[in-house]
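The values are calculated or read from the model by the stated rules, or taken from the named source; none is laboratory data. Quick caveat: nothing in here was measured; it's all calculated off a predicted structure. In this analysis, Cβ positions are derived from the backbone assuming ideal geometry, glycine residues included, and neighbour counts consider all displayed protein chains. Side chains are part of the model used for accessible areas, which takes the heavy atoms of the whole protein and leaves out ligands, DNA and RNA. Shrake-Rupley method; radii C 1.70, N 1.55, O 1.52, S 1.80 Å.
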Amino acid sequence: MRLLLILIIAEVSAVDLEWWKSALIYQIYPRSFKDSNGDGTGDLNGITEKLPYLQETGIDAIWLSPIFLSPMYDAGYDISDYRQISPEFGTMEDFETLLAKAKGLGLRVLLDLVPNHTSNESEWFIKSKKGDPEYSDYYVWADGINACTVGETQPPSNWLSQFRKSAWEYSVERGQFYLHQFVIGQPDLNYRNKKVQEEMKDVLRFWLDRGISGYRIDAVNTMYEVDPKKFCGRYPDEPRSGDPIAVEDDYNYLKHIYTKDQDETYSVIYDWREVLDEYTIKDQEYKIMITEAYTDLEHLMRYYGDGKRNGSIPFNFSLLENIRKDSDAVSIKRIIDQWMENMPVGRTANWVNGNHDQSRLATRVGVDRVDAMNMLTLLLPGVAFTYQGEELGMTDGFITWEETQDPQACNTDDPINYWKNSRDPSRTPYQWDDSPNAGFSTTNGKTWLPVADNYKDVNLDAQMKANKSHYQFYKDVVTIRKKDVVRKGRLDVRAVSNSTLVVGRMLPGNPAIVGVINLSNDTEITDLSEFEWLPAYLIVVASGVGCEGISLENGAIIRKDKVVMTGKCALLLQSLCATTKGCCENNK
């Protein structure tokens, strides 16, 4: 069967099978992208309206954060029905229109699957709570401790929710506790029940049948908890983490050895890969799967596969988690090398600068480093992800305690320090122009989150019209990313000093590409002579906002032994001819 699969796949168009290996995937947070009906909340028709912008920018695929039916306790990550569209986003017809227009523009569509938990308003959970035999074990249920009297019942273990306080909630109706590793309204599914696994495979197939090109899988490393059979039928307490700052209700107070990274998780991911492989054959297009797990490198690499079975692309959050305003070239190179050196042979890398759960790129690393970080993700080999607004250098918005929507912040019960846990600032509406509500909505009332205060200056329309902008630089680099030298070429990353990072891509028969980043505030002179595969002269093909002077503008010719760059300049250079003997040899 496996040999037959290989033979069939070999007949599929190479273009469709290879698209994902160098894809530029744009994450859309639907509530904040574009409001088409003036109700203050983004929707599917708003996304459809803006698809031409994404196509013109050079995006290969869009990934939509959850659009499924949900009571929205956690912004759609609490799903009550995986097969329906939430009314605030539109209808199934709206989704099919979006999908058709995207395909017409050459854009692929990925959906966000949330497999760890459902909403407590899901029909599955309602039936499970009632003890329906078919659904009784769909969720993680457990008896409390000292359960002789309901009023004295204690949770089955000390496990904590990622949103603070106990991860167990008592159901009077069932007389047991259910597990919720996130908000109370998000009961954890029980993947030790094979019926649950089959249900989720059917969900995968439902949307693949409609023509999507793959999935981003949410919080995969929390899908399994330790098997209680190994502990006399009970769930064991987790040990203290030793974090001196965390208090007893905080998630970081414990070391999560029983609720994360369980071995059984990987086989489920490998099973899902096989489902997607069915559709790779059926649709003659590779179906991509990206998994989200905040965990250590060893656990992440297992998601790629086990040598016998293929898996997913595990999100690489190393840039997102480790690079800040003071990171130097040596530390950035070390972060890049770590992933490339630990990734299994023959697998595809990926690079992430931000997402809807983290402070925005420009806020974390500084607006003056936005071009540098965008160029990095676009030049490095593999899949690149852009969270909406990163191409503009959008920063976090300010959200008051009264305006806060995020349960992770609300659960702190702290109107003073809530912002430390809030994800709302990175979810403010996209800034299209300087009109009211930044062109996001025509509502006369409030948008679901307020637009960031700087939208008058930081918006797409202004950056398209400017002589130089983050967006224009981003688009120029995306154009170069499409070339074979970036898609298939050899990687050469060097920290030539603490403040200067160089990323080179070389492919015989193609002009070489080299990105040079000056992280300091001062003008730096960089000698690229040690890059022996570069010719003597290079042309500027993308010039960041920090690059000042005619000699650093697009089209300028630069000697490789004397690259003079102003402070915080990100510069993309290309050789004047292919890296073979001939014109480049004569250009030395």
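Taking the mean number of other Cβ atoms within 10 Å as a proxy for protection, how do you rank 461-474, 216-229 from highest to lowest?
Numbers: 461-474: 17.7, 216-229: 20.8.
In decreasing order of mean packing, 461-474, 216-229 become 216-229, 461-474.
Net charge dipole, segment 306-465: roughly 580 debye, given to the nearest 20, about the Cα centre with Cβ charges of +1 for Lys and Arg and -1 for Asp and Glu.
Its DSSP H runs of at least 4 residues, each contributing -39,500 (n - 2.57), put the calculated 222 nm mean residue ellipticity of the chain at -7500 deg cm²/dmol, to the nearest 500.
Could you order the peptides 333-339, 316-322, 379-385 from most to least packed, using the average number of other C-beta atoms within 10 Å per residue? If you can, show how the numbers build up before the last one.
Working: 333-339: 16.1, 316-322: 19.3, 379-385: 22.7.
So the order, starting with the most tightly packed, is 379-385, 316-322, 333-339.
In segment 205-328, a dipole from Cβ-located charges (positive for Lys and Arg, negative for Asp and Glu) runs towards its positive end, and of Leu254, Asn316, Ser267 it is Ser267 whose Cα lies farthest in that direction.
When the dipole is taken about the Cα centre of segment 176-328, and only Lys, Arg (+1) and Asp, Glu (-1) are charged at their Cβ, what size is it in debye, to the nearest 20? Write down the numbers at each step before the final one.
Working: 21 positive and 30 negative charges, 89 e Å.
So the dipole magnitude of segment 176-328 works out to roughly 420 debye.
What the Cβ-Cβ distance of Tyr537 and Asp492 gives, at R0 = 25 Å and to the nearest 0.05, is a FRET efficiency of 0.85. What's the center-to-center distance, using Cα atoms, between segment 199-239 and segment 93-123 in Å? If you average the Cα positions of each part, the centres end up 19 Å apart. Modelled spin labels at Arg324 and Arg83, positioned 7 Å past Cα toward Cβ, are 4.8 nm from each other.
Computing Cα extents along the principal axes in Å for the structure here picks out one of (i) 87, 59, 51; (ii) 90, 65, 44; (iii) 103, 50, 39, namely (i). Taken about its Cα centre, the chain carries a charge dipole of roughly 1860 debye when the Cβ of each Lys and Arg holds +1 and the Cβ of each Asp and Glu holds -1. If the chain linking Arg559 and Gln284 were pulled fully straight, counting 0.36 nm for each residue of separation and taking away their Cα-Cα distance, it would gain 94.4 nm.
Compared with the dominant Cα axis of the chain, that is its longest principal axis, helix 2-11 is turned about 40°. Principal-axis analysis of the Cα atoms of the chain puts helix 194-208 at an angle of about 40° to the longest axis.
One chain, two ends: Arg192 and Ile245. Fully extended at 0.36 nm per residue, the span grows by 15.6 nm beyond their Cα-Cα distance. Only lysines eight or more places from Lys103 in sequence, or on another chain, were considered; those with a Cα closer than 27 Å are Lys21, Lys34, Lys50, Lys201, Lys282, Lys287, Lys475, Lys482, Lys483, Lys488. Peptides 44-51, 281-288, 513-520 ordered by packing proxy, namely the average of other Cβ atoms within 10 Å per residue, highest first: 513-520, 44-51, 281-288. Is the shape of segment 245-378 best called rounded, prolate or oblate, per the rule: a/c under 1.5 gives rounded, else a/b larger than b/c gives prolate, else oblate, with a ≥ b ≥ c the square roots of the Cα gyration tensor eigenvalues? Oblate.
If the chain between Asp461 and Asp271 were fully stretched, how many nm would it gain, using 0.36 nm times the residue separation less the Cα-Cα distance?
Details: separation 190, 0.36 × 190 = 68.40 nm, distance 4.48 nm.
Between Asp461 and Asp271, full extension yields an extra 63.9 nm.
Ligands, DNA and RNA left out, the accessible area of the chain computed with a 1.4 Å probe is 49% carbon and sulfur.
Enter the accessible area per residue of the chain (Å², integer; probe 1.4 Å; all protein chains in place).
40 Å²
What is the angle, in °, between the Cα long axis of helix 44-57 and the longest principal axis of the Cα atoms in the chain? Nearest 10 is fine, range 0 to 90. The two axes meet at around 30 degrees.
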